[in-house]
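Let me begin by presenting the structure, written as structure tokens, before commenting on it.
The values are calculated or read from the model by the stated rules, or taken from the named source; none is laboratory data. Values in this document were obtained by computation on a predicted structure and should not be read as measured data. Note: ideal-geometry Cβ built from the backbone for every residue, glycine included; neighbour counts use all protein chains shown. Just the protein is used for accessible areas: all its heavy atoms, side chains included, with ligands, DNA and RNA removed. Shrake-Rupley method; radii C 1.70, N 1.55, O 1.52, S 1.80 Å.
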Amino acid sequence: MSYIEVEYPADKAGFYKTLREQLALYTEGESDFIAVLANAASVLKLAFKEANWAGFYLVSGDAPESGLKLGPFQGKPAVQRIGFGLGVCGTALKRGESIVVEEVECFEGHIACDCNTHSEIVIPMRDGDKIIGVLDMDSITPAYFDDADREELEKLLPMLLRPPM
Ligand code: SME
């Protein structure tokens, strides 16, 4: 398999249609969750041109309170463990909801992995009612992600789930 570069439409509807197709293309037929997340991180990083980091943190134990451990990602090396309720990722995990941060310096407790990062989006990943991890993306551009991205990414994440988790 070799990667063929794809043009992403500028409009959100077209962008997310292409993103969904690309994720399907590079994950379909694979049953291993980590392998799927690894290609998904790559597809996401390529799709969001101004993202400097795209990847996943996975719940490290049976319960969300056990915190997050680093999963497949694309970008600079990052913090490997994030406690429940800490940083943007741990806060999204604790709240059980997505967080869109327009300027990370304004988010109290934000964990900086790359000093060039300005904005961030974190989307919890659910298997049924249970949060099993989060998608995290960072950008060098302030307010790069918006509420429409949050909505689209929430709809898109279930296609990456693979049993058994
Ligand atoms: N900024 C995140 C930490 C992970 S890095 O962005 C990759 C946070 O505050 O949880």
Among 38-45, 98-105, the order from most to least packed when residues are scored by Cβ within 10 Å on average: 38-45, 98-105
Heavy-atom accessible surface of the chain: percent carbon and sulfur, 1.4 Å: 51 percent
³J(HN,Hα) computed for each position of the stretch 82-95 - Karplus, 6.51 cos²θ - 1.76 cosθ + 1.60, integer Hz, glycine/proline x: 10, x, 4, x, 9, x, 6, 5, x, 6, 4, 5, 5, 6
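First measure r as the distance between the Cβ atoms of residue 35 and residue 103, then evaluate 1/(1 + (r/R0)^6) with R0 = 45 Å and state the FRET efficiency to the nearest 0.05.
0.85
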Sequence ranges 50-58, 64-72, ranked by mean other-Cβ count within 10 angstrom, highest first: 50-58, 64-72
Of 12/49; 17/94; 12/94; 12/130, pairs whose Cα-Cα distance is over 19 Å: 17/94; 12/94; 12/130
Shape category assigned to the chain from the gyration tensor of Cα positions, a/c cut at 1.5: oblate
Å² per residue, accessible surface of the stretch 12-160 at 1.4 Å: 47 Å²
Under 20 Å from the residue 141 label point (7 Å along Cα→beta-carbon), backbone N, the stretch 41-57: 41-55
